[in-house]
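Quick notes on the structure that follows.
The values are calculated or read from the model by the stated rules, or taken from the named source; none is laboratory data. Just so it is clear, the model here is predicted, and its values are computed rather than measured. Heads up, the Cβs are rebuilt from the backbone with ideal geometry, glycines too, and the neighbour counts pull from every protein chain shown.
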Amino acid sequence: MKKYGGWRYTQVIGWIRLYVLGNQIRGDTWFVDAKRIDREMNRKRFRHCEKAFELSFFPEDSSLDIYSQVCDALEKLTKEKPFKARYLDLEAFHNAGPFVNWRGLLGLE
């Protein structure tokens with residue numbers, strides 16, 4: 001098996017940055033600025049594409065509800081450009097997400 005670098009899936013070509021703003025969780029999309037994506041991309045640059053999603057939460061929402069909504073938003077992104085036909089690795093998020101105090105993170109406690 002060929003190895004193409006330290007990444008598990010050849011190369012990173014984009015990501016979603018999650019952040020909290022007030023009672024919202026937002027996701028921003030970053031993607032490689034290249035006409036062609038291949039295994040030997042040297043000197044690649046990333047650009048901010050757009051706001052991927054914006055979810056508002058309320059004091060009655062549980063941490064599990066918040067986590068589920070964020071999961072749904074991330075899964076929906078896999079069906080949209082630029083992530084359509086790409087692999088969005090959510091393993092770490094799914095492993096850690098249920099243990100995060102989402103209400104505390106949003107200041108709802």
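Filtering Ile37, Ile16, Ile25 for residues that are surrounded by 12 or more Cβ atoms within 10 Å (Cβ to Cβ), under 23 Å from Asn101 (Cα atoms) and at pLDDT below 90 leaves a single hit, Ile16.
Among the residues of region 61-101, what is the count of those that are in contact with a helix residue (DSSP H, G or I) (Cβ under 8 Å, 6 or more places away or on another chain), aromatic (Phe, Trp, Tyr) and more than 21 Å from Val12 (Cβ to Cβ)? Break it down into steps so the answer makes sense when it comes.
Step one: filter region 61-101 for residues in contact with a helix residue (DSSP H, G or I) (Cβ under 8 Å, 6 or more places away or on another chain), giving 61-64, 66-67, 70-71, 74, 83, 88, 90, 93-94, 97-98, 100-101.
Checking the rest, the ones that are also aromatic (Phe, Trp, Tyr) come to 67, 83, 93.
Next, only the ones that are more than 21 Å from Val12 (Cβ to Cβ) stay: 67.
Of the residues in region 61-101, 1 are in contact with a helix residue (DSSP H, G or I) (Cβ under 8 Å, 6 or more places away or on another chain), aromatic (Phe, Trp, Tyr) and more than 21 Å from Val12 (Cβ to Cβ).
Contact map, region 79-101: residues that are acidic (Asp, Glu) paired with residues that are assigned to a loop (DSSP other than H, G, I, E, B), Cβ distance under 9 Å, separation 6+ or inter-chain. Pairs shown: Asp89/Arg8; Asp89/Tyr9.
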